[in-house]
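Please read the structure below before turning to the comments.
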Amino acid sequence: MRAWPNPLAPIGRVVLEFLAATGRVALFTAESVLAAVRPPYFLRLAVRQFLEIGYYSLPIVGLTAIFTGMVLALQSYTGFSRFAAESAIPSVLVVSLTRELGPVLTALMVAGRVSASIAAETGTMRVTEQLDALVTLSANPLQYLVAPRLLAGVLALPPLVLIADVIGTMGGFLISVGKLGFEPGIFLNRCLESLQTLDVVSGLVKAAVFGFLIVLMGSYHGFHSEGGARGVGRATTNAVMSASALILVANYLITEAFFSR
Amino acid sequence: MTGSAQAPAIELRGLVKRFGRKTVLDGMDLTAMAGDSLAVIGTSGTGKSVSFKCALGLLPLDAGTVRFAGIPRDELPSSGPQALMRRSGVLFQGSALFDSLPIWENVAFALFHTGSMRRAQAYEVACTKLAEVGLDERAANLFPSELSGGMQKRAAIARAIAADPEFLFFDEPTSGLDPITAATINRLIEDCVTRLRATTVTITHDLASARQIANRVAMLHGGRIVWEGPVAELDRSGSAHVEQFVHGRADGPVTAEPPT
Ligand SMILES: Nc1ncnc2c1ncn2[C@@H]1O[C@H](COP(=O)(O)OP(=O)(O)OP(=O)(O)O)[C@@H](O)[C@H]1O
Ligand SMILES: [Mg+2]
């Protein structure tokens, strides 16, 4: 009877698949959070994960931050000198770093490292039956694997972002003082004067949310990987992609919540 | 280890498991009496591994019921000493040792991660269990990737029996091992069965192994058990399927690649 396929059918399928995936992620999130608040707590694992996520991300985060600060100083100089508004550079630098660039760039870099490694590790455990083995040894994989990482992610990202903010400002400071002829004292004073508590707080809230998303996406895709090494590879890619996308979306939503009025 | 068993310990009734449009289990019935050592044989890909995972609830079932010691699996508590996983030991086909933990922590996992034992004591117990499977204290401190396949299998058996389970599942304990190591592992399993008095289900393609460790044998084919009986009757089963399997013939009712 149906000579032509319905042109709307593929669209409907995509929408349904999207809704189903959203539902699965929501369920996984709820289960993970529940598992995290219920005993037993694997604190030793959480500490190890804190080091893994926080400490070992310092080099890449520092590198990102310092170059971002430097470039930001250079570019805003180009822009502001056209209006003879160079004196605004410190304030623009520090506010855009603490509110946006610090949290977002830090989170994106950490997502590349941590979401990928969590997805690869968990995915390998899935395809080698280690997750099943956990269950047969009376351990809830969500409690044993996901909960410590969630805790570590939420706690590790804010200090990382603070450090990124400081290093980024230092980068801007180096360029402004070394190349653009600012007085060191005046530059730093301007930075401190223009910085408000809300700038820092919003950045830290973002950091905690991003830390949660990074771990959640790594774990979710790792848990649901199937089909051997290829499946683990796909899970790793999907984890980084979805973590990055969610970070950008969440960043907009949090900015909107804090600063739109 | 006699078959004069009293009560059914593990009962599978009408198990159905599908992956997409492919039906792997199609009304599988199987009973192991308390103290039985049951060997499940069948060609590669018939669903032997799937069946024990379904029985334990590691994979969701499409239909069927599973009872342990007479109690439906869903009615067993999910935690505490009566929980199914507290009473079961499992050897996975690929050993499934946790590669981030040293061997002794693998073996003692259930004792101190989810149980209440102190680390030092758990280490002692792990070493005892490892000694039982012929691994010494040096191996206890290595990581799984530093062990050979046979040693990994032994360590995984030690982990399965560490908490003195009531139900034991071994998925191909001797596949890929040399005959001598295989014989050692067979003896080990035999020993577990007699000493722990656990009800044991062993999945295997290895008939010699089945004859040594089991008192009953069941053959899975086409999603169902096509024959079940005492191990002594393996050679006069009267079942064309078993006959073909025992003699290893390519032609017969069993085809190597099950139709998909
Ligand atoms: N997660 C899965 N998704 C799709 N199909 C699966 C999955 N797991 C198993 N199967 C299919 O189920 C069938 C039975 O697999 P199973 O691993 O139980 O075989 P087996 O009897 O244990 O074989 P072997 O002796 O080789 O281990 C296979 O055909 C396999 O393709
Ligand atoms: Mg198998």
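Read the figures in this text as sums done on the coordinates, not as results from a lab. All values derive from a computational prediction rather than experimental measurement. Backbone-built Cβ (ideal geometry, glycine too); neighbour counts: all protein chains shown.
Could you check which residue among B:215, B:186, B:141 shows the biggest mean-square fluctuation in a GNM of chain B with a 10 Å Cα cutoff?
Result for chain B, Cα springs under 10 Å: B:141 fluctuates most.
Pairing the Cα long axis of helix B:119-132 with the longest principal axis of chain B, what angle in degrees results, from 0 to 90 and rounded to the nearest 10?
Helix B:119-132 sits roughly 50 degrees off the main axis of chain B.
Starting with the fewest neighbours, write out B:227, B:104 ranked by other beta-carbon atoms found within 10 Å of each beta-carbon.
B:227, B:104
Given the C-alpha centroids of region A:235-261 and region B:159-199, what is the distance between them in whole angstrom?
Centre-to-centre (Cα) distance: 50 Å.
Compute the semi-axes of the equivalent ellipsoid of chain B, taking the square root of 5 times each eigenvalue of the Cα gyration tensor, and list them largest first in whole Å.
Its equivalent ellipsoid spans semi-axes of 30, 21, 17 Å.
Starting from the Cα of residue B:22, draw a straight line to each of the lysines and keep only those under 19 Å, dropping any in the same chain fewer than 8 residues away.
Output for residue B:22: B:48, B:53.
Please give the contour-minus-distance gain from residue A:48 to residue A:166: 0.36 nm per residue of separation, less the Cα-Cα distance, rounded to one decimal in nm.
40.0 nm
Determine ³J(HN,Hα), in whole Hz, for all residues of region A:167-181 in sequence, where each value follows from phi through the Karplus function 6.51 cos²θ - 1.76 cosθ + 1.60 and θ = phi - 60°; x replaces Gly and Pro.
5, x, 4, 4, x, x, 4, 4, 5, 5, 7, x, 10, 9, x
Mind sorting A:66, B:180 by how few other Cβ atoms lie within 10 Å of their own Cβ, fewest first?
In increasing order of surrounding Cβ atoms, one gets B:180, A:66.
How would region B:104-212 be classified by its alpha-carbon gyration tensor: rounded, prolate or oblate, with rounded meaning a/c under 1.5 and the a/b versus b/c comparison settling the rest?
Taking the square roots of the gyration eigenvalues as a ≥ b ≥ c, region B:104-212 is oblate.
What ³J(HN,Hα) values, in whole Hz, does the Karplus curve 6.51 cos²θ - 1.76 cosθ + 1.60 give for region B:22-30 when θ = phi - 60°, with x put for Gly and Pro?
8, 8, 8, 10, 9, x, 7, 10, 7
Please list, ordered by chain and number, the residues whose modelled amide H lies under 5 Å from the amide H of residue B:221; skip anything fewer than 5 residues away on the same chain.
Placed amide hydrogens put B:226 under 5 Å from residue B:221.
Determine the relative contact order of chain A: mean sequence separation of Cα pairs under 8 Å and six or more apart, normalised by residue count, in whole percent.
31
Would you pull out the residues with amide H under 5 Å of residue B:201's amide H, same chain only if 5 or more places away, H placed 1.01 Å from N?
Sorted by chain and number, the residues that satisfy this are B:38, B:168, B:169, B:170.
Return the single residue from B:163, B:108, B:208 with maximal mean-square fluctuation; model: Gaussian network over chain B, springs between Cα atoms under 10 Å.
Among B:163, B:108, B:208, the largest GNM mean-square fluctuation belongs to B:208.
Which of A:21, A:150, A:36 sits farthest toward the positive end of the charge dipole of region A:1-158, with +1 on the Cβ of Lys and Arg and -1 on the Cβ of Asp and Glu?
Checked the options; the winner is A:21.
Pick from B:249, B:73, B:119: which residue has the top mean-square fluctuation in a GNM of chain B where Cα pairs under 10 Å get a spring?
B:249
So, R0 is 35 Å and r is the distance between the beta-carbons of residue A:249 and residue A:9; what FRET efficiency does that work out to, to 0.05?
For residue A:249 and residue A:9, the calculated efficiency is 0.80.
Taking a quarter of the surface of the Cα convex hull of the protein assembly as shown, what do you get in nm²?
That works out to 33.7 nm², a quarter of the Cα hull's surface.
Where does helix B:179-196 land angle-wise versus the long Cα axis of chain B, in degrees 0 to 90, nearest 10?
It works out to around 80 degrees.
Under the rule a/c < 1.5 gives rounded, and otherwise a/b versus b/c splits prolate from oblate, where does region B:1-98 land using the Cα gyration tensor?
rounded
Just rank A:76, B:78, A:219, fewest to most, by other beta-carbon atoms within 10 angstrom.
Ordered by Cβ neighbours within 10 Å, fewest first: B:78, A:76, A:219.
Residue B:63's amide H: which non-local residues (gap 5+, or another chain) put their own amide H closer than 5 Å, with H modeled 1.01 Å from N in plane and none for Pro or chain starts?
Those qualifying (amide H under 5 Å, at least 5 residues apart or on another chain) are B:16.
Determine the dipole magnitude for chain B: charges of +1 sit on the beta-carbon of Lys and Arg, -1 on that of Asp and Glu, nothing else is charged, the reference point is the Cα centre, and the result goes in debye to the nearest 20.
Computed charge dipole of chain B: roughly 440 debye.
Report the FRET efficiency, 1/(1 + (r/R0)^6), for residue A:74 and residue A:22, where r is their Cβ-Cβ distance and R0 is 56 Å, rounded to 0.05.
With a Förster radius of 56 Å, E is 0.85.
On alpha-carbon atoms, Rg over Rh for chain A using Kirkwood Rh?
My calculation of the ratio gives 1.09.
Given charges of +1 on the Cβ of Lys and Arg and -1 on the Cβ of Asp and Glu, with all other atoms neutral, how large is the dipole of the protein assembly as shown about its Cα centre, in debye to the nearest 20?
The calculated dipole for the protein assembly as shown is roughly 740 debye.
What is the distance in Å between the Cα centroid of region B:102-156 and that of region A:1-73?
Cα centroid of region B:102-156 versus Cα centroid of region A:1-73: 34 Å apart.
Which of the lysines could be linked to residue B:129 by a straight reach, that is with a Cα gap under 17 Å, when you skip same-chain ones fewer than 8 residues away?
B:153
Quick one: P(r) of region B:96-164 from all Cα-Cα pairs, 5 Å bins, percents rounded to integers, in order of increasing distance.
Whole-percent P(r) values from 0 Å outward: 4, 22, 35, 26, 11, 2, 0.
Calculate one ³J(HN,Hα) per residue across region A:195-210 by plugging θ = phi - 60° into the Karplus curve 6.51 cos²θ - 1.76 cosθ + 1.60, and present them in order as whole Hz with x for glycine and proline.
7, 10, 3, 4, 4, 5, 4, 4, x, 6, 4, 4, 4, 5, 4, 5
Based on DSSP, what percent of beta bridges with both residues in chain B are antiparallel, to the nearest 5?
Expressed as a percentage, antiparallel bridges in chain B total about 55.
Of the beta bridges DSSP finds with both residues in the protein assembly as shown, what % are antiparallel, to the nearest 5?
DSSP beta bridges in the protein assembly as shown are roughly 55 percent antiparallel.
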